[in-house]
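Since the structure comes first, as structure tokens, the remarks are kept for the end.
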Amino acid sequence: MDTLTGVEHLAEPDGFRDFVEARSSALLRSGWLLTGDWPSAEDLVQTALAAAWPRWSSLRRQDAPELYVRKIMVNTFLRWRQRRWNGEIATGRLPETHAYDVFAQVDARQSLLAALDRLPARQRAVVVLRYFADQTETQTAETMGCSVGAVKSHASKALARLRDAPGLAELMTGEVAS
Amino acid sequence: MNTEERKLADVLHRITPEPPRRVTVEQVAYRLVSEPKLGQTRGRESAGPRPRRRGPLFSRALAPVLAAAAVVVIAGASAGIAVLANSHHNPPAAAGGPASSASSSASASFSPTQTASSAQQTTPATGLAGAPWGAELIGHQALVQGSLISADGSLYAIGNTSTLDRINPATGAVVASVAYNMPVWNPPVVVGNTVWMVSSYNGGNIVLQGYDARTLARTSSLLVPAIGGVSIGGQGVLTSGPDGDLYVAAGETVAVVNPAVPQEIHRIQVLAGKTSSVAVSPDGSKLYVGTGSSTSFRLVVFNLPSDTIANESTLPSGGAGGNLVATSGGVWGTTGSGHSEWVWFAPNGNLARAVQVGRGAGGGLSSFPSYSGGVVWVGGTGDVVCASPATGQVLATADIPADHGVAQYFASPVVSGGQAYSYYQTDASQQTGLARMTPPAACTGNVSS
């Protein structure tokens, strides 16, 4: 294990390392879908895990560490969106033919993020929790701190917006290889 | 779920890439030490049955210990290369040293051709009390730390909202913007009328993307194969030489690209592992290549154009490195302990003689060297310095005061039109954005580079 000066004062909770090693990839991918870039995703996940650390024993007893971590992630993401400048940027897309698969892969990711960027923060969070993290509507409501009805409403509105997102329809019909 | 929902779920799972690296327990521990507020319960964020307001680990009694530990960490990071511990640098807005269980891919997106947006809002300058060199906030955009550069009267930076932005230095306003997702840490590289960005850095393929320097409309793209696969610890993988050629860290090689075509024109074999950082001296006679992992950084110096190795050296006490910047006297780069990052200068590219410059950054913030206006700049949370590109000697220093007990951050400045610009962040008052400052005459670059 790497040594970090000063950090040895902290007692690592039982099971915390196993959770981080097992789930950080999935949490980071959720963070990427929420924020659209890896540095912010890492910041989000680290923030959530740091918040979970002091209460890890309690969370394990409740069998709810991941739910809690995702809740912190979503709330932190929503705070960031409120705090940071998020003015809309006019964009235009020119049709292109790509010669390489890697271009298609990169553009597929760009299309996905561009589609998610069309969503208000709470709708985006619901999409990530429901359709990527595979949470139930009840779990999503608990994570978001809202009612199941609100989750359904956010999901419905998000799907309606995503139907019009350029490029996403092709992804959903599998025309672009991942 | 209905069919549409299932298709969306499939797309999300299929398209979402694997992260370039994992989060480690050590990184989380450092965040707790350096930002103890993270460990405090926020009622609305607790899940299920609410945990106690303060967990047993974060008692009031332990809080001073954590605060003291944070001081130890910062002090340790400032003590120089000799005390360098293993690095887990992983700042929130910059690719850092790879975690122990990093995955093999660094994903990316490259933005579709965009029409630039019209001018964004201009904000009146706001003075920052006690800030170094009279810094005042002129913009409130959240930028990726270390991504700010200056070229031909404009500033360019990577926005935190996944954009490449062109900023008017006179007003601080974003005057053009295009969607861009950063696959590996690298600031914009401007050659002629084109801004070059790394748009994909993944496995055996690197995609470079060119944007019109004024409108940021996409103008070209180039696929560069990475022999042996790209490094997962890339920090500064694209640079330009004085003749305008691009140099790309491409697996176990460095690819040289003529951006005018664009086309790869040369390939330099680096027999020292996967390349993670590149820099070219201002006279084009030296190529500096960084290789290594989170525990060992090796610097190889090539003579150009013969491609012969002039020197090889390793950071004396281990640790990751990268973000190379070459000047007449040698090469500058970064390393760090935990989440504290600081800058070193290696005369003639010899890491055995490397010295620390500036106090660096802590708390997950980045401190990169920038070479602008004839001097090298180093920012962070402790101080902002300008230094001689020939000798590494610090020419002027300004302390960065704390903001209500919380560290403030000034990224390494860049110069445009005789003014210095820095990306500013403070968690205390939740301010962020572009700051303009007036450094002393010693930093005006009347030193031969």
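The values are calculated or read from the model by the stated rules, or taken from the named source; none is laboratory data. This is a predicted model, so every value here is computed, not measured. Note that we place each Cβ from the backbone using ideal geometry, even for glycine, and neighbour counts take in every protein chain shown. Ligands, DNA and RNA are stripped out before the accessible areas are found, and what is left, the full protein with its side chains, is counted by its heavy atoms. Shrake-Rupley method; radii C 1.70, N 1.55, O 1.52, S 1.80 Å.
Taken over the range B:370-449, the convex hull of the Cα atoms encloses 74 Å³ per residue. For the range B:102-443, the dipole from Cβ point charges (+1 on Lys and Arg, -1 on Asp and Glu) about the Cα centre works out to 180 debye, to the nearest 20.
Mind checking which of B:Ala354, B:Ser372, B:Ala129 is farthest towards the positive end of the range B:102-443's charge dipole, using Cβ charges of +1 (Lys, Arg) and -1 (Asp, Glu) about the Cα centre? Selected residue: B:Ala354.
Residues A:Glu21, B:Glu252, sorted by accessible area with the largest first, give A:Glu21, B:Glu252 [1.4 Å probe; ligands and nucleic acids excluded]. Once the whole set of protein chains is in place, how much accessible area is left on B:Asp10, using a 1.4 Å probe, in Å² to the nearest 10? Approximately 80 Å² of B:Asp10 is accessible to the 1.4 Å probe.
Residue order by solvent-accessible surface for B:Ser328, B:Ser220, B:Ser177 is B:Ser328, B:Ser220, B:Ser177, largest first, with ligands and nucleic acids left out and a 1.4 Å probe.
May I ask you to derive the relative contact order of the range B:102-443, considering only C-alpha pairs under 8 Å and at least 6 residues apart, and to give it as an integer percent?
Normalised by residue count, the contact order of the range B:102-443 is 13 percent.
Considering only B:Ala420, B:Gly319, B:Tyr156, and ranking their Cα positions along the charge dipole of the range B:102-443 that arises from unit charges at the beta-carbon of Lys, Arg, Asp and Glu, the one farthest toward the positive end is B:Gly319.
Projecting the Cα positions of B:Leu299, B:Gln141, B:Val191 onto the charge dipole of the range B:102-443 (unit charges on Cβ atoms of Lys, Arg, Asp and Glu, taken about the Cα centre) puts B:Leu299 furthest along the positive direction.
Of the whole protein surface, B:Tyr30 contributes about 0 Å² of accessible area at a 1.4 Å probe radius. With bins 20 Å wide beginning at 0, the percent of Cα pairs of the range B:102-443 falling in each bin runs 34, 61, 6.
Across the range B:234-317, Cα pairs under 8 Å and at least six residues apart give a relative contact order of 21 percent. Measuring with a 1.4 angstrom probe and ignoring ligands and nucleic acids, A:Thr47 comes out at about 10 Å² accessible. Per residue of A:19-28, other chain Cβ atoms within 10 Å of the residue Cβ number 5 on average.
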